[in-house]
Every structure is written in structure tokens, then in C-alpha cells.
Amino acid sequence: MSATGAPVIRVDHVSRWFGSVVAVSDVTFDIRPGITGLLGPNGAGKTTLLRMMTGLAAVSDGAVTMFGEPVRDNPPLYGRIGVMSEHETVYPFMTGRQFVGMMAKLRGVRDPGAATERAIGRVELESAADLAMGTYSRGMRQRMRLAATLVHDPEVLILDEPLNGADPRQRVHFQELLRRLAGEGRTIVLSSHILEEVEQLAETVLLIINGKLAASGGFRAIRAALDKRPYHVRIVADAPRALAAAIVGLPSVDAVSLDPDGAIVVLSSKVRDLQVELPRLAQEASISLRRIEPLDDSLESVFGYLVEG
């Protein structure tokens, strides 16, 4: 494992181009143990970044290191990495046990039989281990693929769109498994274009848009950093029309509307000021505030704002 506080993966001013097409442009970030989400729309450059982070693709400029070592052309380092690509790479006629066992042998694991059983146990698919993978649901195939990725007990997991196509039950199971793996001190990089996945799992989020790093940090920190963008705040109160009329005059308010159920929706680019002004205003008008809730406190909102910007 890496030294305390030291990044496990460092991407330093990395660019990658294919002829005249720039897939990744001058991206810099560090990744530490835990779950890091690589978020962005399809075609944003996420897979290209992952390929450079695992040494499968060369950088056009910059450097990628893992545990302080360059990842490209570094076979000893690859034993510490588990990679699960976006595209399914299974033989439908093979059983789950045969598939994971094959990967154990390819990885040169000392006791491939024992390693196979441990990995299948980690993903809790012992009951399906002797069934052909062609009979599995998509979520089951993804879990067995993760078992194959874990069979050599890697310290770093690079997962490209691992939850694509999984049903809700399988998705929850997969998420719980990733949390357990992260709790063991592993470094997990999870690529996704599904905002809810990243928001629920990742401690740190890296937003990639058009090959560039648009923002990084916890999703609330990213949203707070966009202070030039307004928040929508929903307010439930007694006498909503009277309160709405009074709110219009606040300097922290950009716009006010009433939704169909009578709640007030405020557009504000100075939410902290609004949090101070609103209770004072309601008290002066003898109006009771029932509930105040942000409508934009999610990665979906952040992502939309960044794309628009």
C-alpha cells in the first residue's frame, strides 16, 4: 500500500490525441485509497483516461504514475492492478468457476483453485459458479467479472462502467461490495455516465467533459464551487403568497415562483445570504416556515450546469 497521505495514482498534465482529434487535454489529478468516481458523458474521454492509468495506452504528453512508478511498460506493477473493461469479455459456454479460474491461471496466481473460490465468495455467487455464464443475468455476469478482476487480490481496481445494464437489486449488491472493498483500503476508480451511481458511491468525483477536468472534489463541494450558478430552493410555509411577495425584495433572490402545490420556489445565487434573511423575514411577517429544501443538491444538477457552461 502507499505511504500515508501519498497519492496512489497521479495523473500529471496528461494529454492524448489521435491524429488531429484531442481525446484528453492537459488533465491533472491525484487518486488516493477509497472510491473515486470518474464522471462524464459518453465520449468525454473517460475510457481513454482509464487506459492511460492502467498502462494500456501511452500518453501523448504528461505522465501517469502509480505507487510512484510509471504505469506504461511496467509488468511488475500490473500484478497490483485489477481492470474491468466496459465491454463484456466472457465466454457464454464457460461456467463462472471456469472463467474465474482461467483468469487466476493467466495472472499466475500460486494456488488458482483456492484463489478462484475466494474471489467467487467475495461476490457471493457460489450457488451460480457451475452454471454457464450465458445463462446469467447482466448483473450476475458483472459480479462474476468482478470476481475475475479480484482473483489476484489487487490493491487498485479500475472499473469502466461496471453497473451498466444491471437491474436495481444487482446494482445495490454491487455497490455494497465495492464499499466493502474500499473499506479494506483498496483504491477504486469507478467510471460512469450515470450520475446517481457516482453520487451514491464515490467519496471524490472527477468530472470529465470534452477531454478536460471540469471539476473535482465531493459532489457538494463541486456544487458549492459553482457560486456563479443559482440554486433552486423550495419553501413550504403558511401564507405562501404573502411570503413570496415579501421574498421578491430580498437582495439574495433572483426569481420567485409558486409550484402547483403552493410551495415557493426561489432562484438564488446567494443561498447563504438567503438562509439568514429568510427566517428573519418570515418572523417579521408572522409566517411559519414548514420546510426549506434545495432542489439542485445532486450531481445531475452539477453536471447540467457544467455542460451548459
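Every number in this text was worked out from the coordinates using simple rules, so none of it is lab data. Everything numeric in this text was worked out from a predicted model, so none of it was measured. Please note: Cβ atoms are built from the backbone with ideal geometry, for glycine as well, and neighbour counts cover all protein chains shown.
General observations
- Debye-sum result for segment 193-270 in log10 I(q)/I(0), which assumes one identical scatterer on each alpha carbon, at q = 0.15, 0.21, 0.23 Å⁻¹: -0.69, -0.90, -0.98
- Share of Cα-Cα pairs in segment 1-62 lying beyond 12 Å, as whole percent: 70
- Take 271-282, 56-67 and order them by the average number of nearby Cβ atoms within 10 Å per residue, most first; the result is 56-67, 271-282.
- Partner aspartates and glutamates for LYS105 [C-alpha distance under 16 Å; skip if fewer than 8 residues away on the same chain]: GLU117, ASP153
- Normalised radius of gyration (Cα atoms, divided by 2.2 N^0.38 Å) for the chain: 1.22.
- Over the chain, DSSP H runs of length four or greater, each weighted -39,500 (n - 2.57), average out per residue to a 222 nm ellipticity of -10500 deg cm²/dmol.
- Charge dipole of the chain about the Cα centre (unit charges at C-beta), most positive-ward option of LEU181, GLY79, THR28: GLY79
- Segment 9-224: antiparallel DSSP beta bridges as a percent of all, rounded to 5: 50
- Translational diffusion coefficient of segment 34-77 (Stokes-Einstein, Kirkwood radius from Cα pairs, 4 °C, 1.567 mPa s): 113 µm²/s.
- Stokes-Einstein translational diffusion, segment 231-278 - Kirkwood Rh over all Cα pairs, 1.567 mPa s, 4 °C, in µm²/s: 123
- The distance separating the Cα centre of segment 86-130 from that of segment 1-52 comes to 29 Å.
- Scattering from segment 107-239 was approximated by placing one identical point on each alpha carbon and applying the Debye formula without solvent; log10 I(q)/I(0) at 0.14, 0.22 1/Å stands at -0.75, -1.38.
- Under the combined filter of DSSP loop state and at most 13 neighbouring Cβ atoms within 10 Å, segment 85-141 retains these trypsin sites (Lys or Arg not before Pro): ARG110.
- For segment 220-309: Kirkwood Rh in Å [reciprocal of mean 1/r, alpha carbons]: 13.5
- Charge dipole (debye, nearest 20) of the chain; +1 at Cβ of Lys and Arg, -1 at Cβ of Asp and Glu: 520
- Share, in percent, of DSSP beta bridges within segment 154-309 that are antiparallel, nearest 5: 80
- Span-like helix ranges in the chain, DSSP H, alpha carbon extent 20 angstrom or more, Kyte mean at least -1.0: 168-183
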